[in-house]
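K.L.:
Quick one: structure below, then a few questions.
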Amino acid sequence: MLKGGFVGVGRMGLTHMAILNAQPNVMVAAAADKPSVISSFLKKHMGLNMFADYQSMLEQVSLDFVVISTPSDSHAEIVEAALGKNLHIFVEKPFSLNPQKGMELARIAEGKKLVNQVGYVTRFHELFVFVKRLLGESVIGEIKHFKAEMCGGTVIRDNKKAWRSEKNKGGGCMYDYASHCVDLVIYLFGKPDQTVGNVTQKIFSAHVEDLVSSTFLYKRGFTGNILVTWSDASFRKPTTKVEILGEEGKIVVDKYSCKIYLNKDSEKHGFQKGWNILHITDMVQSVNFYARGNEYSRQLEYFIHSIETALTDNIASFRESVMTDFVLEEIRRESTER
Amino acid sequence: MEKIIFGDNQFFGINHMSEERAQALAEKFRDLKAITDVLKTAWDVGIRGFMLNSNDRAKEICDFLRKNKESFEGLRLYPSIPYPHKYANLVTEKGIINTIRDVLCSENTAKESLGLIWKGGAFFSSGGDATKIMELLIDVEMQVFRELNVEVVFLQNVVTDLVLGLGLKEVFIHYYAYIKEKYNAEPGFITMNLPKLVAFLTEVCGLDNPIVCSPINKRGYFMNPSAEACEEVIAKRKFRPVAMSIYASGAIPPKEAIEYISNQKNINAIVFGASSKKNIEETIGLIKQCSD
């Protein structure tokens, strides 16, 4: 039985806790967050061992792993403390607001052979995993260009109170949304060699950006555009879409479908010339316990599996996630603010 | 319970198969009249049960149903509460506690405000008794359906599965009792984890023969942990299964989909959504054909 400690019991923390609590081989041993109605509720109704701060939890409870779902500016400090206790770590994205520090933490985790995973959940989505495989098999030939968009209607008015409205806490659509988009791009195409045309734009927020756009350049000979905004009310929920143009065709993928256009038949893959359409309903695989989306369950089932099988070069590792942090830092540094 | 319940996902731009289809639905049903026309069509075909999630569009639809009560004599509503995305966006923006406070303040209409204020007072004086918050939130959500004939109130799957995952049995027990007592309706639960929920409700919470709505379809789409495990529970456990996602958002041909459902014995009701007269009639025809 693996014993888990949870730092942060907000929306994501509770979702992770629910998924892991439902796994047969996992025990929710303790949690830490500042005292609130939620924490006293969990204490009373779940009988959860709640601590007001994570240090006390790490000191007093014997754990195998921690799940960290706190505001982004606190990730590095808590990860460092958990590494000090030799715990396997699952931390929400973005990994670290300071990429140099993030790289140091990645090295420590690797040195100690601890599972180190960041909550880049799109890497566990059936259709994006499928597209990664198709690109590896050069289905559309040499890649020439991609467009990656992530849009949602999370912020459609200014709210100065929430931590997501504070730049130094890792608020803003850069870290909250763009981190997912940039990580997905790195997952599919690798880290860009250079970013140009970086723009951050305010729409509703007073202190943080609501829109990010950038052009990614690759020495391998292709380019890509990213556009991310959390201030588009026309989206019922956050939506990610990637369009990839290759010499021999095109792929358009989102969470529901994957459309493949080929200039000629591909017998090897069973695709015909023209459009080939696959739906999530054709590809979806069941999970042990569903709380929010298959990919949310799968990333945690994978995390537990990695601990049990001592797999430390895991998907969405600290090292991979630091690349996203470096790109985000570059976009921020180079960006024109509007 | 009605054997056939007309679902509402199509009205709100929800389709699990494609973003474009979802977008097209959102465009088609932008005007309330487009929605009410489909509801009338379903009514004329003989459907009397309607499921409605407590979102902003549901308010308009319920206003329409109240205004046209005489045309919908015998209507049976099957609300699902809450609308999760409203809370998800607010929670992201403000945190859990501020969201609860804001929802209670902003959605509190003058007429029902007294009761809510009284309960709100009870909540704060009790030092944050969570069951009081839950009652308040249920009351806010249920205002949408006031004066309409509500038969079953379903707890939406995002909430059900979170509570199930955390193992908070008091929440289910209290929800069950409160819906029966206050709304004189049957409590129901929507889930994506059928076997686990049925075991938890009956064995841990001690609820007898609960109504549980979950995806049941030939593809095994959203049947966790597996289609076989769900089929076994339906065949063997004592509860009232309600099937949803029977077409897996259009991935399964109608005849195959209905045949599969008919072969699962014990299913109490089928929830299905459609946006054209042809599709509504086709489904009804197939259900009748298979049940003969």
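The values are calculated or read from the model by the stated rules, or taken from the named source; none is laboratory data. Not measured: the values here are computed from a predicted model. Cβ: placed from backbone, ideal geometry, glycine included. Neighbour counts: every protein chain shown.
K.L.:
Which residue out of A:SER214, A:SER205 is hydroxyl-bearing (Ser, Thr, Tyr) and either in contact with a Leu (Cβ under 7 Å, 6 or more places away or on another chain) or more than 14 Å from chain B (Cβ to nearest Cβ) (or both)?
P.N.:
Exactly one residue qualifies, and that residue is A:SER214.
K.L.:
So which residues in region B:142-154 are modelled with pLDDT under 95 and more than 8 Å from B:PRO79 (Cβ to Cβ), if there are any at all?
P.N.:
Residues satisfying the conditions are B:GLN143, B:ARG146, B:GLU147.
K.L.:
So, one more: Out of all the residues in region B:96-104, is one or more at pLDDT 80 or above, under 22 Å from the mean Cα position of the chain (by Cα) and not aromatic (Phe, Trp, Tyr)?
P.N.:
No, every residue in region B:96-104 fails to be at pLDDT 80 or above, under 22 Å from the mean Cα position of the chain (by Cα) and not aromatic (Phe, Trp, Tyr).
K.L.:
Quick one: is B:ALA257 hydrophobic (A, V, I, L, M, F, W, C), without any contact (Cβ under 8 Å) to a residue 24 or more places away in the chain, within 13 Å of chain A (Cβ to nearest Cβ) and out of contact with any Ser or Thr (no Cβ under 6 Å at 6 or more places or on another chain)?
P.N.:
no
K.L.:
Let me ask you something else. Out of (1) surrounded by fewer than 24 Cβ atoms within 10 Å (Cβ to Cβ); (2) under 20 Å from the mean Cα position of the chain (by Cα), the odd one out for B:GLU259 is which?
P.N.:
Status for B:GLU259: all satisfied but (2).
K.L.:
Collect the residues in region B:169-193 that are of a type in the set (A, V, I, L, M), facing another protein chain (nearest Cβ under 10 Å) and in contact with a strand residue (DSSP E or B) (Cβ under 8 Å, 6 or more places away or on another chain), keeping them in residue-number order.
P.N.:
B:MET192
K.L.:
Would you confirm whether any residue within region A:48-70 is surrounded by fewer than 18 Cβ atoms within 10 Å (Cβ to Cβ) and either under 20 Å from B:GLU170 (Cα atoms) or within 10 Å of chain B (Cβ to nearest Cβ) (or both)?
P.N.:
yes
K.L.:
Kindly list the number of the only condition in (1) touching a helix residue (DSSP H, G or I) at 6+ places or on another chain (Cβ under 7 Å); (2) within 14 Å of another protein chain (Cβ to nearest Cβ); (3) surrounded by 24 or more Cβ atoms within 10 Å (Cβ to Cβ) that fails for B:LYS196.
P.N.:
(3)
K.L.:
State which residue is farthest from the other protein chains (Cβ to nearest Cβ) when the search covers only region B:199-224 and only residues that are buried (at least 18 other Cβ atoms within 10 Å of the Cβ) and not in a loop (DSSP other than H, G, I, E, B).
P.N.:
By that ranking, first place goes to B:ILE211.
K.L.:
Which condition breaks for B:ALA227 when tested against (1) aliphatic (A, V, I, L, M); (2) without any contact (Cβ under 8 Å) to a residue 24 or more places away in the chain; (3) more than 11 Å from every other protein chain (Cβ to nearest Cβ)?
P.N.:
Every listed condition holds for B:ALA227 apart from (3).
K.L.:
So A:HIS305 ticks every box in (1) surrounded by 20 or more Cβ atoms within 10 Å (Cβ to Cβ); (2) without any contact (Cβ under 8 Å) to a residue 12 or more places away in the chain; (3) not basic (Lys, Arg) but one. Which box is left unticked?
P.N.:
Result: A:HIS305 fails condition (1) only.
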